[in-house]
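Data block below; observations after.
The values are calculated or read from the model by the stated rules, or taken from the named source; none is laboratory data. The shown structure was predicted, so the numbers you read here are calculated from the model rather than taken from an experiment. Methodologically, a virtual Cβ is constructed for each residue, glycine included, from the backbone with ideal geometry; neighbour enumeration extends over all protein chains shown. The accessibility values were calculated without ligands, DNA or RNA, using every heavy atom of the protein model including side chains. Shrake-Rupley method; radii C 1.70, N 1.55, O 1.52, S 1.80 Å.
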Amino acid sequence: MTEITICSGTLCYIMGGADIFEIETKLSEMYNDKIRIKASTCLGFCEGENKQNPPCVMVGNELIPDATIEKIINHLKRLYTR
Amino acid sequence: MLKKMENNTGNFYIDVASIQKEKHANEICGDVFLTKKVSAEDRTIIVLSDGLGSGIKANILASVTASMAVNFTSMNAPLAHTAEIILSTLPVDRERKVGYSSFTIIDIEAGGTIHFVEYGNPEILYFRENETLELKKTPVTIKNRFRLKQPLFYSNCTGRRNDRIVVCSDGISQSGIGSRAYPFGWGIKNVNAYIRDEISRHPGISSFDLCRKLLANAIANDTFKAKDDITAGVVYLREARRLMVCSGPPYDENKDTMLARDLDRFAGTKIICGGTTANIIAREMHREICTNLSHTSFQLPPVSSMDNIDLITEGILTLGKAHRLLEEGFKPDLVSKDPAVMLCNHFLLHDEIVFVVGTKVNEAHQDPSLPVELEIRRNVIKKIARELEDNYLKTININYI
Ligand code: FES
């Protein structure tokens, strides 16, 4: 089971994170029992040393900066076709 | 028409509401209900005046009476003097040789002492723990060139938390007059019994709701055509409902623990506006935050939850929308899942609101290339506070950390 954690902090939200909440409707059914979608308060990547480009999404333990639904799906594909 | 005023006096909160209905086929109510907060002394003055007759003339008589009563009382004028001035100012009715409106004055002092002055209106009903309290009334003598239709009474008592005072015009007590159920009108005894019954069934009933019920009953007694001007006013000395809203990380990280502890120990409702603030508190209290994914359709980030916290919202966007809602005139909507509406509901349902505002600035929010301009947290909260204070009569405190 892979967890997808969408950052719903202010910055990620306004930088496109709001659209990522749609991901559930865009995922192929094959992932139904393989992933779980969550939201989170600010993941802490919008400031400081670990600064990354928002919106940030975690897929499992891996961070996807500048995330889009497409990017996440590609990442999942790689993960599950390995 | 509904009016509402609230004031905080020491150990209880004064929730005042009134409701009015003009006599059937009249345009204006001949009763006037006024409230005044004397902020400097933390006093609340409430006056009900019923002008002789009905319509515009009655309304003018009652307005003059009520405003004089409020003003003289707030200036601490001796009661007999106030009554004399009111009576000598009002014109005399030729036929009935009486010239006045009746009035009731309730003056609630900061320490909890309540003074009552009653002249001509149905008697004040005072409720404590399901009982009607007998007020010991002293007649007040005034210069005898005034022909008093009824005696003028003074009484006082010390208010306690959960007491209720009900004052009404004779449109309530005489409603239904001539009907089979109440040939002599509903009667103050029946009104009294009705209210006691309501309070015992709904111990937390708001002043608003009790007023509404009294009016609905009176109008029903009059078979839905009010036979007289009707006014009901209710004063409820209830426990203040407190709310703490924490928003923003403290400027100094060493204060994180203090912030978390203060919020955790706060006796009242607790809200966090801001993800980073929520993260700090979760970390300090070793608790988990759970973000609710099911309501993401309000152009605002979704709400989250944590043990012992009543609501967690995102910060600046949600506060901004809450401010707009308040500005437009907000009415509670308890079913909405919009985070800003949920926040505003809490604002309106509480009396005393403490904002704990962290002053650390989120540098990333100040980037001019962002697609929306993010306001400074402190400013939005100041605007919300002003709105709540001026237009929603809340008691507000803002602490910056
Ligand atoms: S808002 Fe997403 S990482 Fe801070």
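Would you confirm, using the coordinates I've provided, whether B:Pro339 is closer than 24 Å to B:Asp262 by Cβ, open to solvent by less than 70 Å² (accessible area, probe 1.4 Å) and within 14 Å of another protein chain (Cβ to nearest Cβ)? Considered against the rule, which asks whether it is closer than 24 Å to B:Asp262 by Cβ, open to solvent by less than 70 Å² (accessible area, probe 1.4 Å) and within 14 Å of another protein chain (Cβ to nearest Cβ), B:Pro339 comes out as yes.
For the range A:52-82, the set of residues classified as within 16 Å of the ligand (Cβ to nearest atom) and hydrophobic (A, V, I, L, M, F, W, C) consists of A:Cys56, A:Val57, A:Met58, A:Val59, A:Leu63, A:Ile64, A:Ala67, A:Ile72, listed by residue number.
How many of the residues making up the range A:35-46 are away from the ligand (no atom under 11 Å from the Cβ) and either within 15 Å of B:His295 (Cα to Cα) or open to solvent by 70 Å² or more (accessible area, probe 1.4 Å) (or both)?
Result for the range A:35-46: 3.
Screening B:Phe224 with (1) open to solvent by 10 Å² or more (accessible area, probe 1.4 Å); (2) in contact (Cβ under 8 Å) with a residue 12 or more places away in the chain; (3) not assigned by TED's automatic domain parsing to the domain that holds B:Thr318 gives one miss only, at (2).
Report yes if some residue within the range B:319-333 is open to solvent by less than 40 Å² (accessible area, probe 1.4 Å), within 12 Å of chain A (Cβ to nearest Cβ) and modelled with pLDDT under 95; otherwise report no. Scanning the range B:319-333, I find no residue that is open to solvent by less than 40 Å² (accessible area, probe 1.4 Å), within 12 Å of chain A (Cβ to nearest Cβ) and modelled with pLDDT under 95, so the answer is no.
Looking at A:Glu49, A:Glu22, just one residue is among the acidic types (Asp, Glu) and within 16 Å of the ligand (Cβ to nearest atom), and that residue is A:Glu49. The condition of being at the interface with chain A (Cβ under 8 Å from one of its Cβ atoms) and over 34 Å from the mean Cα position of the chain (by Cα) holds for B:Asn279.
Let me confirm something: among A:Ile14, A:Ile64, A:Ile20, which residue is closer than 19 Å to B:Leu293 by Cα and in contact with a strand residue (DSSP E or B) (Cβ under 8 Å, 6 or more places away or on another chain)? Break it down stepwise before answering.
Details: A:Ile14 fails: in contact with a strand residue (DSSP E or B) (Cβ under 8 Å, 6 or more places away or on another chain); A:Ile64 fails: closer than 19 Å to B:Leu293 by Cα.
The match here is A:Ile20.
From the list A:Thr5, A:Thr10, pick out the single residue that is within 14 Å of the ligand (Cβ to nearest atom), farther than 16 Å from B:Asp367 by Cβ, within 14 Å of chain B (Cβ to nearest Cβ) and open to solvent by less than 60 Å² (accessible area, probe 1.4 Å). Just a single option satisfies the conditions, and that option is A:Thr5.
Considering only the range B:361-397, how many residues are within 14 Å of chain A (Cβ to nearest Cβ) and of a type in the set (A, V, I, L, M)? Qualifying residue count, the range B:361-397: 7.
Taken as a whole, the condition of being within 29 Å of the chain's Cα centre (by Cα) and within 16 Å of the ligand (Cβ to nearest atom) does not apply to B:Cys246. Please verify whether B:Val335 is within 16 Å of the ligand (Cβ to nearest atom) and in a loop (DSSP other than H, G, I, E, B), treating the condition exactly as stated. Spelling it out, it is not the case that B:Val335 is within 16 Å of the ligand (Cβ to nearest atom) and in a loop (DSSP other than H, G, I, E, B). Taken together, the residues in the range B:346-377 that are surrounded by fewer than 19 Cβ atoms within 10 Å (Cβ to Cβ), of a type outside the set (A, V, I, L, M, F, W, C) and out of contact with any strand residue (DSSP E or B) (no Cβ under 6 Å at 6 or more places or on another chain) amount to 9. Residues that are exposed (fewer than 15 other Cβ atoms within 10 Å of the Cβ), more than 21 Å from B:Leu317 (Cα to Cα), more than 10 Å from chain B (Cβ to nearest Cβ) and of a type in the set (Lys, Arg) occur in the range A:66-77; there is at least one. Within the range B:265-284, residues that are closer than 19 Å to B:Asp351 by Cβ reach partners that are within 15 Å of the ligand (Cβ to nearest atom) with beta carbons closer than 8 Å, at six or more positions or on different chains, in the pairs B:Ile271/B:Ile312; B:Ile271/B:Thr313. Determine if the range B:288-310 includes at least one residue that is part of a strand (DSSP E or B), among the charged types (D, E, K, R), at negative phi and at pLDDT below 95. No, because not a single residue in the range B:288-310 is part of a strand (DSSP E or B), among the charged types (D, E, K, R), at negative phi and at pLDDT below 95.
Would you say B:Glu239 is modelled with pLDDT under 95 and open to solvent by 20 Å² or more (accessible area, probe 1.4 Å)? Against the criterion (modelled with pLDDT under 95 and open to solvent by 20 Å² or more (accessible area, probe 1.4 Å)), B:Glu239 qualifies.
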